[in-house]
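Asks: If you scroll down you'll find the structure; I have some questions about it.
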Amino acid sequence: MSSWFPMLTVLSMFYYICLRRRARLASRGEMLNSRRAIESNSRALPMSIEVVQYAKEVLDFSSHYGSENSMSYTMWNLAGAPNVYPSSGDFTQTAVFRTYGDWWNQSGSSTLPFKRTSPSFFSQDYVELAFEEPVYPTAVHILETYHPGSIVKILACSANPYSQTTPTEIRWETIWSAEPTRVHSSQARQFTPCIKEIDFPTNLLRLETNSSLSEYYTELDAVELHGVKEKPMLILKTAAIDMNDLDEDEYDKEGCGIDCLTNQFSSSSLRDWTNNGYFDKLPYELIQLIISHLALTDMCRLAQTCKLLYQHCCDPLQYTHLSLQPYWASLTDAALEYLLPRCTLVQWLNLSWTGNRGFITTSGFSRFAVCIHSTLLQACKYPEARLKQTALLSILNFCPELQHLNLGSCVLIEDYDLIAGVIGAKCKKLRSLDLWRCKNITEKGITDLASGCPLLEELDLGWCPTLHSGTGCFTNLARKLPCLRKLFLTANRSVCDSDIEELAANCQHLQYLDILGTRLVSPPSLRKLLESCKELVLLDVSFCSQIDSCIVQELVSRFPNVSIKKSFTQ
C-alpha cells in the first residue's frame, strides 16, 4: 500500500462529513423555512386590507400555441378576469403553451439532459404577469380549465414594471416550487399552492410550467394575486420549534467530528504534506471526472479555492455541453465574458430565456456567439425573440455542421427568406428546424430549405401566415424531404387534400403531423395518409371543419396506434 493511501481515506471521510453536515443543515433550513411559510400563511396579521387583483398585463413568455395576430390560445388571454372558468374543455380564449407529454422529447431534435443542470430545475415554459399594485403576496390562485397540473414554480420580482425609475437591482424570489405531477382529470380547477412569505412587495409574477406528464395541452384562464400593501407582522410560536434543530455540535456528539479524525489518523505516514495535500497526486482524468458531477455554479465557486482546482474547473472539456437556461435571472454580459475562455470546445449550447430586460446586450451576445461558433457542432437554442438577423447570419456562415436550430418566434429577424436561403446553402446537415411563428417566410424560402437541406427530419411552420398551399410550397416540401418525421403546419388554413396526399406518397417515415385549423382536408385524404405512413403516432386535426367526431372515432378504431387529437369549436 502506498504511503499516501491513508491520506486519501482521510480526505474521503472529511468529504463525507462535509456533505453530511451540509445535508443536515439544508434539511434544517428547509424545515424552518417551511414552518415560517406555514406560520406566515396561517398566523400573519395584515397591517392593511387584503388586495385581490387579476393580472393587468402579460409582459413576457417563452412560447404560446397561438399566432401573433390572434387571441386564440395565446398568453395574452391570461390578462384580466377569467374568460372560461369554471367551465372545462378546450377553449380558444385560454392561454396554451406549445408542448405537452413525452412525445415532444422523443423527437430527433430533442437532446439528452444537459450536464450540470440542477436536479431541481424542471421548467419547460414560463409566462410573466404584471399586476396593478405591488403587494406582499398572501395567496396566488391559478385558474386551469383543461388538463391541469403543469405549474412547477412561481416566482416574484422586486422590480415594478410600471415604475418610471430603473431599479439598481432586480431580484427574483421563488415563492413556491414542486416537481411535475400527473393530474388524472382534465377538468377545470383552481390551483392555490401554499406560498412563501417574501420581504419585498411585488406586482410581477412569473409562472414556470412542465407539461411532460400531461396527456394534452394545459389551458390557463387567469391568475389572481392576493396580498397586503404593508408587510405582515408575524406571530412566532417559539415552542413549536425544537431548539435541538439548531444544535451545531451534533456531529461532535456522534464522535465523527474533525478532532476525532485527527486523533485516528495521526500516524507518521500522513505527516508528509504537499501543497494540496495528496489531492494533486490523483490522475488528471479522475479529478476531471469528480468535477464533472458539479453544477455550473458550484464549479465556478470551486474554481476560486486553489490554483489546482481553478485549472480543472476552467478546462474547456468541462463545458462541451452548456445550458445557461437555469441561470436566466443572473446571466449578464459580464457573466458571458467570464465563461468565454472556458467555452472554446462547446458543442451543445442552450441560451433560452436569457437576456431579458437588457441583462445581455446585443453586442455582448454577438461577441460570445461569434467566439464559439466554430465549435458549435450539434444544436443551439438562442434567446427567443431577442436574436437579431446580423448575428444569426454570422453564426450560420461559420456553422456548416449544425444539425438542430430553433428560431421559433424570433421577431427581430426582418427577412426569413434570406435566413432560409443561407441555411439551405450553408447547413447541409441540418436535421431539425423550428420556424414557428416566423412572420414573413414565403415559398421562396421554403424552396431553398427543401433543396439545400435534404436530411431535414423535423420542420415546424406553425402559425406562419405568409405560406399558402396554392404556391406549391407544401407539395415541394413533401417531394424533396423524404426523411421528414415531424411536420407542423398549425393554423395554416390553406393546407388541403393534395398536400396530405403528397405527404402520404413521399414521407413514409412521418411520425407527427399537426394540421390544426384547416378547412380543406377531407376524411379520404386522412385515411390515405394513415394507411401509407405506418410510423405515424400523433395526428392533430383540431378545428378541422370537415373532420367531425364520427370520423375521428372511425379513424381511431381503424388505426389504434395513432393518437388522434381533435378539439371542436367551443
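Here is a yes/no grid of residues against (1) aliphatic (A, V, I, L, M); (2) exposed (fewer than 15 other Cβ atoms within 10 Å of the Cβ):
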| residue | (1), (2) |
| --- | --- |
| P167 | no, yes |
| A178 | yes, yes |
| T181 | no, yes |
| S186 | no, no |
| R189 | no, no |
| I198 | yes, no |
| P201 | no, no |
| L205 | yes, no |
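Asks: Considering only the stretch 340-351, how many residues are surrounded by fewer than 18 Cβ atoms within 10 Å (Cβ to Cβ) and either touching a residue at least 40 places away in the same chain (Cβ under 8 Å) or farther than 19 Å from L407 by Cα (or both)? Explain how you work it out, then say what you get.
Replies: The initial filter retains those residues of the stretch 340-351 that are surrounded by fewer than 18 Cβ atoms within 10 Å (Cβ to Cβ), namely 340-341, 344-345, 347.
Filter once more, so that each one left must be either touching a residue at least 40 places away in the same chain (Cβ under 8 Å) or farther than 19 Å from L407 by Cα (or both): 340-341, 344-345.
Number of matching residues: 4.
Asks: Report the residue count in the stretch 136-150 for those that are open to solvent by 10 Å² or more (accessible area, probe 1.4 Å), in a strand (DSSP E or B) and in contact with a Ser or Thr (Cβ under 7 Å, 6 or more places away or on another chain).
Replies: Looking only at that region, the number is 4.
Asks: Do we have any residue at all in the stretch 461-483 that's touching a strand residue (DSSP E or B) at 6+ places or on another chain (Cβ under 6 Å), open to solvent by less than 30 Å² (accessible area, probe 1.4 Å) and at pLDDT 95 or above? First the steps, then the outcome.
Replies: First pass over the stretch 461-483, keeping only residues touching a strand residue (DSSP E or B) at 6+ places or on another chain (Cβ under 6 Å): 462, 469.
With the extra rule that they be open to solvent by less than 30 Å² (accessible area, probe 1.4 Å), the set shrinks to 462, 469.
Next cut, at pLDDT 95 or above only: 469.
Yes, the conditions are met somewhere in the stretch 461-483.
Asks: Then there is this: Give just the number: which of (1) surrounded by 23 or more Cβ atoms within 10 Å (Cβ to Cβ); (2) modelled with pLDDT under 95 does L487 not satisfy?
Replies: (2)
Asks: Suppose the filter is acidic (D, E), outside any helix (DSSP H, G or I), open to solvent by 40 Å² or more (accessible area, probe 1.4 Å) and at pLDDT below 90; does E133 pass it?
Replies: On the way: acidic (D, E): yes; outside any helix (DSSP H, G or I): yes; open to solvent by 40 Å² or more (accessible area, probe 1.4 Å): yes; at pLDDT below 90: no.
No, not satisfied.
Asks: Okay, next question. Quick one: is R558 open to solvent by 80 Å² or more (accessible area, probe 1.4 Å), at negative phi, out of contact with any strand residue (DSSP E or B) (no Cβ under 6 Å at 6 or more places or on another chain) and not β-branched (V, I, T)?
Replies: Values: open to solvent by 80 Å² or more (accessible area, probe 1.4 Å): yes; at negative phi: yes; out of contact with any strand residue (DSSP E or B) (no Cβ under 6 Å at 6 or more places or on another chain): yes; not β-branched (V, I, T): yes.
The answer is yes for R558.
Asks: For the stretch 393-412, enumerate the residues that are part of a loop (DSSP other than H, G, I, E, B), open to solvent by less than 10 Å² (accessible area, probe 1.4 Å) and either among the basic types (K, R) or closer than 26 Å to P465 by Cβ (or both). Give the steps one after another, and end with the answer.
Replies: Within the stretch 393-412, the subset part of a loop (DSSP other than H, G, I, E, B) is 398-403, 407-412.
In the following step, the residues that additionally are open to solvent by less than 10 Å² (accessible area, probe 1.4 Å) were identified as 399, 402, 407-408, 410.
Residues satisfying the conditions are L407, G408, C410.
Asks: State whether the residues of the stretch 70-85 include one that is among the β-branched types (V, I, T) and at pLDDT 60 or above. Step through it out loud before you land on a result.
Replies: Residues of the stretch 70-85 that are among the β-branched types (V, I, T), as a first pass: 74, 84.
Pick out the ones that are also at pLDDT 60 or above and you get 74, 84.
Looking through the stretch 70-85, at least one residue is among the β-branched types (V, I, T) and at pLDDT 60 or above.
Asks: I've got another one for you. Find the residue count for the stretch 129-166, including only residues that are farther than 18 Å from V58 by Cβ and aromatic (F, W, Y).
Replies: 2
Asks: Okay, moving on. With the condition kept exactly as written, say whether any residue in the stretch 526-549 is surrounded by fewer than 16 Cβ atoms within 10 Å (Cβ to Cβ), in a loop (DSSP other than H, G, I, E, B), small (G, A, S) and without any contact (Cβ under 8 Å) to a residue 60 or more places away in the chain.
Replies: yes
Asks: For the stretch 424-441, which positions are assigned to a loop (DSSP other than H, G, I, E, B), of a type outside the set (A, V, I, L, M, F, W, C) and buried (at least 20 other Cβ atoms within 10 Å of the Cβ)?
Replies: Answer for the stretch 424-441, where residues must be assigned to a loop (DSSP other than H, G, I, E, B), of a type outside the set (A, V, I, L, M, F, W, C) and buried (at least 20 other Cβ atoms within 10 Å of the Cβ): R431, R437.
Asks: Taking the stretch 384-432, which residues are closer than 22 Å to S63 by Cα, small (G, A, S) and modelled with pLDDT of 85 or more?
Replies: A420, S432
Asks: Report those strands (runs of 3 or more DSSP E) wholly inside the stretch 442-523 carrying at least 3 residues which are more than 22 Å from I551 (Cα to Cα). Steps first, please.
Replies: On the way: elements: 458-460, 486-488, 512-514.
The qualifying strands (runs of 3 or more DSSP E) are 458-460.
The values are calculated or read from the model by the stated rules, or taken from the named source; none is laboratory data. In this text the structure is predicted, and so the values were computed from the model without any measurement. All Cβ positions, even for glycine, are placed from backbone atoms using ideal geometry, and neighbour counts span all protein chains on display. Surface accessibility is based on the protein's heavy atoms, side chains included, excluding ligands, DNA and RNA. Shrake-Rupley method; radii C 1.70, N 1.55, O 1.52, S 1.80 Å.
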